[in-house]
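First comes the structure, then the notes that go with it.
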Amino acid sequence: MTFSFPSGITPTKRVLVIAIVVGIIAGVGSLLFFEGLKWGTAFFMGYLLQWAYPVEGQTVAGISQWSEPHSLVLLLPILIFGSLMTGILVTQFAPEAEGHGTDAAIRAFHGDGRIRRRVPLVKAVTAILTISTGGSAGREGPSAQISAGFGSMVADMLGLSPRERRIAMTTGIGAGIGTIFKAPFGGAVLAAEVLYTRDFESDAIVPAFLASVIGYAIFGFFEGYTPIFAFESLVWNVWQIPMFLLLGVLCAMFGLLYIFTFYWSRDQFAAAFKRYNLPMYLKPVAGAVLLGIIVIALSIISPEGEMLGLASLGSSYGFDQLMIYSMVPLVVLILLPFLKILTTSLTLGSGGSGGVFAPGLTIGAAIGGSLGMILHLVAPEYVPLASVPVFVVVGMISLFGAVANAPIAVLIMVVEMVGSITILVPAMAAVGISTLFKGEKTIFQAQVETKAQSGAHRGEYDRKTLERIPVRDAMIPREAVITVSPADESLKVPDLIATTGHTGFPVLEDDRLIGIITNRDTRTTAVANGMHQFVREAMTPAPSVIHPEDSLEDALAIMVGQDFNHLPVVEKESPDRLVGFLTRTNIMKMYAKSSHPS
């Protein structure tokens, strides 16, 4: 059923209606999803496994009553059941519900802005099955995809324009994440920040604020408004700032390990099942079996091993709370980042359904907790025990803020989740350093650099204006183009990307164009073949090209249709003679200049 806005309603009022409707739906949807997770976890982990698991937000006295399962023998069949049901539902009804939902929501935004109506329900059910049966995953990814799906439904229902559809989807992402984490401000900012690596979806920020507040009000009415994590005190001093900078460097290193392991695992599972022609619905089961074996083996080794294994299951928020209370042994803190990266990669890389936010927080919390505890043991006068929880919380922020390319949003979200603004200064220092050291890598591969690379903004260009502008007027002329040789070492390309800010370069041999190499080429070849030696091995040969007399409309059509950000410009008569280079940013700048002449 489709409804239409009255003809006289202003664009501002239309956006207001979108925000209100999306906020209400996201609030109710997040509440139902959260309740499903609670009941599912209580049944599988509490009733079947007989595990008195720790819960976030409990007092020290309350959480200290947690205890290990009487026997872990049932963990493996519980994991297998959840992963098998997830695999069947995903493969039969909604393949896009596989993995972490945030990336799927981002990809839909940059695509046609549509999410199939069945996806929110399938994502909710499969995420509940994955997380509540012990799979290492979080609830933010499913919340983002579920609420973005609601935004897409609202767009269909109200017959929205492409721009309004974008706003509805982004608003849904912000409202869903902000609601389920009781962080409406951070959720709204995350929706605008997480779509790009170097840009911001400014049109969506104000309606996302409104929708997040509405969703938060609905959710909090039933679940309470207290922050997710409880703490006794957060104590730090200015002399500890260098130590927080060190924490930022460590989080950047573990962030890169997290990204690499996650996508390497995904590729290995996909390749193995394709190679041996195995049923794809069994792929999540393979990851679950490996996860279960690891946890059970650790429980046999020692009590600390059992705690380490249990801390790697599910969303791990209860163990984050234990770390905030300094109730986790140092050996567990040191090993947990490695194990949580592995178990998350096994769960989601194999096709389980859930988010990467909660595991990222646990990885960062353990890094911060272990560093804080070591510093306390070495120099208690500089790092008293009361300061260790600050390292835990700052680790959460600096790890995931970096890997998500959303340092501002994650900073705000975690501050809301702990209910204290006092950690802003050390958190800003750590997340700034971790983001810079982490570089261009991202846990959300659907992110694009700027609006110029987003298909969602393709409709903002007036075709007639682009058709009037020849490529030669916008291109970088040949003498200013940075080129590489096929005989150059491949390590030269990442260095060029870092120093110039460009992400693609023509490859010339004897002054003839033979290929193009981009940051995407270097990443793909490195994953497939290990470290390569020469540009020739990594480049894309015989690249798509454009001519100086062609229009910018022709160039943009090629870029959008083939998902390119760059096009070599060559002469028609000599297709291997480079005369310039054109990027989406060049098109955007020339379009803006032509549309608003000075």
Original post:
Looking at (1) in contact with a strand residue (DSSP E or B) (Cβ under 7 Å, 6 or more places away or on another chain); (2) surrounded by 24 or more Cβ atoms within 10 Å (Cβ to Cβ); (3) polar (S, T, N, Q), can you tell me which one Ser434 breaks?
Top reply: (1)
Original post:
So, in region 566-575, of the ones that are surrounded by fewer than 20 Cβ atoms within 10 Å (Cβ to Cβ) and at pLDDT below 90, which residue ends up farthest from the chain's Cα centre (by Cα)?
Top reply: Glu573
Subject >> Pairs where the first residue, in region 32-54, is farther than 12 Å from Ala127 by Cα and the second is of a type in the set (Phe, Trp, Tyr) and assigned to a helix (DSSP H, G or I), C-beta under 7 Å, 6+ apart >> reply: Pro54/Phe319
**OP:** Could you look through region 143-187, keep only residues that are among the polar types (S, T, N, Q), out of contact with any Lys or Arg (no Cβ under 7 Å at 6 or more places or on another chain) and part of a helix (DSSP H, G or I), and pick out the one that is surrounded by the fewest Cβ atoms within 10 Å (Cβ to Cβ)?
**Re:** Thr170
Subject >> region 87-137, residues that are β-branched (Val, Ile, Thr), farther than 19 Å from Thr41 by Cα and either part of a helix (DSSP H, G or I) or in contact with a Leu (Cβ under 8 Å, 6 or more places away or on another chain) (or both) >> reply: Ile88, Val90, Thr91, Thr102, Ile106, Val119
**OP:** Kindly list, by first and then second residue, each pair from a residue in region 540-562 that is assigned to a strand (DSSP E or B) to a residue that is small (Gly, Ala, Ser), limited to pairs with Cβ atoms under 8 Å and residues at least 6 apart or on different chains.
**Re:** Thr540/Gly515; Pro541/Gly515; Ile546/Ala555
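For region 91-106, enumerate the residues that are within 21 Å of the chain's Cα centre (by Cα) and either under 18 Å from Thr344 (Cα atoms) or surrounded by fewer than 17 Cβ atoms within 10 Å (Cβ to Cβ) (or both).
Residues satisfying the conditions are Pro95, Ala97, Glu98, Gly99, His100, Gly101, Thr102, Asp103, Ala104.
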**OP:** Please work out if Ile259 is touching a Lys or Arg at 6+ places or on another chain (Cβ under 6 Å), touching a residue at least 12 places away in the same chain (Cβ under 8 Å) and either within 30 Å of Asn405 (Cβ to Cβ) or surrounded by fewer than 17 Cβ atoms within 10 Å (Cβ to Cβ) (or both).
**Re:** yes
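Would you mind finding the one in Leu79, Leu121, Leu74 that is buried (at least 18 other Cβ atoms within 10 Å of the Cβ) and either out of contact with any Cys (no Cβ under 9 Å at 6 or more places or on another chain) or modelled with pLDDT under 90 (or both)? I'd like the intermediate steps shown before the answer.
On the way: Leu121 fails: buried (at least 18 other Cβ atoms within 10 Å of the Cβ); Leu74 fails: buried (at least 18 other Cβ atoms within 10 Å of the Cβ).
Just one listed residue meets the conditions, Leu79.
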Subject >> Pairs where the first residue, in region 117-139, is in contact (Cβ under 8 Å) with a residue 12 or more places away in the chain and on the phi < 0 side of the Ramachandran plot and the second is among the β-branched types (Val, Ile, Thr) and not in a helix (DSSP H, G or I), C-beta under 9 Å, 6+ apart >> reply: Ala137/Val356; Gly138/Val356
**OP:** Filter region 197-229 down to residues that are aromatic (Phe, Trp, Tyr) and crowded, with 21+ Cβ neighbours inside 10 Å and give me whichever is nearest to Asn405 (Cα to Cα).
**Re:** Phe209
Original post:
If we keep just the residues of region 201-260 that are modelled with pLDDT under 90 and among the hydroxyl-bearing types (Ser, Thr, Tyr), which is farthest from Lys438 (Cα to Cα)?
Top reply: Ser233
**OP:** For Gly87, state whether it is assigned by TED's automatic domain parsing to the domain that holds Phe319, in contact (Cβ under 8 Å) with a residue 12 or more places away in the chain and closer than 20 Å to Phe181 by Cα.
**Re:** no
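The values are calculated or read from the model by the stated rules, or taken from the named source; none is laboratory data. Given the structure is predicted, the values throughout are model-derived calculations rather than measurements. With ideal geometry, Cβ positions are generated from the backbone for all residues, glycine too; neighbour counts draw on all protein chains shown.
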